[in-house]
Structure formats: structure tokens, C-alpha cells
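What follows is one structure encoded as C-alpha cells, with my remarks underneath.
The values are calculated or read from the model by the stated rules, or taken from the named source; none is laboratory data. A quick note: this is a predicted structure, and the numbers were derived from the prediction, not measured. Cβ coordinates were reconstructed from backbone atoms using ideal geometry, including for glycine residues, and neighbour counts include every protein chain displayed. Keep in mind that these areas ignore ligands, DNA and RNA; they rest on the heavy atoms of the full protein, side chains included. Shrake-Rupley method; radii C 1.70, N 1.55, O 1.52, S 1.80 Å.
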Amino acid sequence: MPHTVLAEPAGPPGGTRAGSEFSPLLRTVKGQGLLERRIDWYARVIAVNALALAAIGTGMFLLGGSWWVVLLAVPLAVFSARTAFVGHDAGHSQIASGRRANRIIGLIHGNLLLGMSAAWWNDKHNRHHANPNHVEKDPDVKADVLVFTSRQAAVRTGFRRWLTRNQAWLFFPLTLLEGVALKVYGFQDLRRQSRGERWVEGALLVAHVVGYASLLLFAMSPGKALVFAAIHQALFGLHLGMAFAPNHKGMEMPDGDGERWGHLRRQVLTSRNIRGSFATDWLLGGLNYQVEHHLFPNLPRPHLRLVQPLVKSHCADLGIPYAETGLVDSYRQALRHMYEVGEPLRVE
């Protein structure tokens, strides 16, 4: 279900009253009407994205007899990422007022168009939002292909130990597999879902696979279809990896033994923003405003830029560090963190 945390639990640092750090900011944002839905803006975004996907699909049929058709895999990857961003926003109830409408939008953009389970994504992503970068509670930093703490690195063995030693160099190449991995995770998650949810999610995932394969095979020869799919899925995964990588890696990583933070500090100290223009907003789907997104997860995407000055000013008044950097430097910081985590395994 959508994650809409807008209040902090009891026990913020320093013995201050529960909610005292975040509440004034929340009142200001609410008072300026920035939490109101922007259905008109999202309607335009969804319509433009649908037209772009339709145009690319038409181009695939027109160029299907030539190898030039594989070039269309590039814009398809870009607009597939736009589709994922819409699904992400729907999962946070940023788009419509009703839960059902957001659910339908998420199913269409996630399951049907991308083959990525909306239920799986929402479950995982909401747990991340509740405890970002928490080494015990955030599924995004659990030890898997990559690790994010020296404690996780110390127990790696065999091939995974080699991966950890070289994970900074392998990070972006590994994201080339993310497009396919997201589909696999969705099918695996069907076992966790309730019976009714499983039928809806599963039917749409199968419809995506059948529809995607049919589009490629009707538009072009099997050889071209295989090359096209490989390029499309690889670039789609890379694009998503480049959008998500800068947000938390290399930032504070709380654990069960550390200081208990309230909502404001928990979200601000573990998140990093990316400076840039409207082009950056478009390419990263608004996730470059990671601090604001984590503080107000159901805030409509076009309002993130408007809320940012309020958050920066509030953090400055409280003396809370607010991380913001350029896009290239954000990758450097994230990769440096992964490199340092693997350092002990390289000096054995």
C-alpha cells in the first residue's frame, strides 16, 4: 500500500518533544497547498509518455526490415524509465486522490507496460522509505550482489568475495541486468501476495511478456528482436541505476545500536540531492530531490522543486546537514563508498 508517512515517532534526539522538528515544516508545506494533487500535470505526463511509446512502436514496424530498427531501443529505454517513474509516483499516491486510481495507474505502468510487479515494488520501496539506509531494516542495503558496510563485506566468501572486492568497478555494468532482474523479482513475489492480488498481478505480468515478445517478433526478424531486446533492457536498467544510485549510497547508515532519529533527521541525513536544471528533473524523474521526496513521499513530483527551499531553510535553522551535489560528483561519492567497503578484501 502507498507510503504516506508525514509524522515522526516519539523520541527525537536531544530530548525534544516528539514531532517538534518536522511538524513546523509540515505545517508550512500544507499551508502553501503543496500537498494537493496535480492531476492535470500527471495527465499531461502520462499522455506524452503514451504517445512517445506509440510512436516508437510504430517506428519499429516501419524500420523492422532494417538493422536501423535497433537504434529505437535507445529512446524506448528512456521512455520505459519515464514509465517506471510514473509507476513509482502512483505507488506513493502522488498522482490521484483515491487509492484505487493510484493502484490502477501503478498496475498499468508497472506490470503491463514494464513487466515489473507494482505490489513487489511498493512492498520493498515502502520498507526502504520507513528506514532509509538502515543496515537491518532497509532492503536496499541488505547484503546481496553488492554490500554497503564493512561488516557485510567481512563475511563474503567465494565468488561473492570477488564481487565485493571489485564492486565499485562492477556497479554500472551490473545495472545493465537490472531491467531483466526487475521482471524476475516480480514473478518471484507472486508467492507472497494474497490470492486475489496474485491473479491480477500475475495476469498483467504474463500479458506484458506476451505483448512485448509479440511486438518484437511481428515488427522484425528473430535475430533483430533478440538484439533489440538486449539493448533495450540493458539501457533501461542502466537508466534506472543512474537515477537511484546517487540517492543514499555513501550517506549515513544507522543501525539498531545507534541514536534514534525522528522523521526529519532519519530522512535528511540518509539522503542526497542532485543539483541541476529541469533536464535533470526530467532525466531522474524528480528523484534528484531525494531529501524532499523522503520527507514528503506523497508530494506530487512538480512540487518537489518548490518545497526544496523550505526544507533547506528549515534544516539550516536546526543545524542539520543538507547534502546536495552535482550529478557526476554524486556518482563519485557513491562509488567511493562501495570502493572503501571492499578495500579490506583487496589488501589481504
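Separation of the alpha carbons by more than 31 angstrom is noted, of 183/312; 224/249; 183/249; 30/137, for 183/312; 224/249. Taking N as the residue count of the stretch 208-348, its C-alpha radius of gyration divided by 2.2 N^0.38 Å amounts to 1.36.
Count Lys and Arg as plus one, Asp and Glu as minus one, and take only other residues whose Cβ is under 12 Å from that of residue 304; the net charge is then 0. Entry note, the chain: relative contact order of 26 percent, from Cα contacts under 8 Å with a spacing of 6+ residues. Solvent-accessible surface of protein heavy atoms, probed at 1.4 angstrom with all chains present, puts 151, 198 in the order 151, 198, largest first. By the helix-only formula, in which each DSSP H run with n ≥ 4 contributes -39500 (n - 2.57) and the sum is divided by residues, the chain has a 222 nm mean residue ellipticity of -19000 deg cm²/dmol. Site pair residue 277 and residue 137 shows an inter-label distance of 4.1 nm when each label is modelled 7 Å from Cα along Cα→Cβ.
Site pair residue 180 and residue 145 shows an inter-label distance of 1.0 nm when each label is modelled 7 Å from Cα along Cα→Cβ.
Here is the P(r) of the chain: all C-alpha pair distances, binned every 10 Å from 0, give 5, 23, 32, 26, 11, 2, 0 in whole percents.
Here the label points at residue 169 and residue 313, each 7 Å from Cα along the C-beta direction, are separated by 4.9 nm in the simple model.
In the context of the full set of protein chains, residues of the stretch 133-290 present 49 Å² of accessible surface per residue (probe radius 1.4 Å, heavy atoms only). Across every direction, the projection of the convex hull enclosing the Cα atoms of the stretch 102-249 has a mean area of 10.4 nm². Taking the protein heavy atoms of the chain in the context of the full set of protein chains, the accessible area attributed to carbon and sulfur is 65 percent at 1.4 Å. Between residue 343 and residue 197, the contour length at 0.36 nm per residue exceeds the alpha carbon distance by 48.2 nm.
In the complete set of protein chains, residue-level accessible area for residue 183 is approximately 40 Å², probe 1.4 angstrom. GNM on the chain, alpha-carbon springs under 10 angstrom: the most fluctuating residue among 194, 313, 221 is 194.
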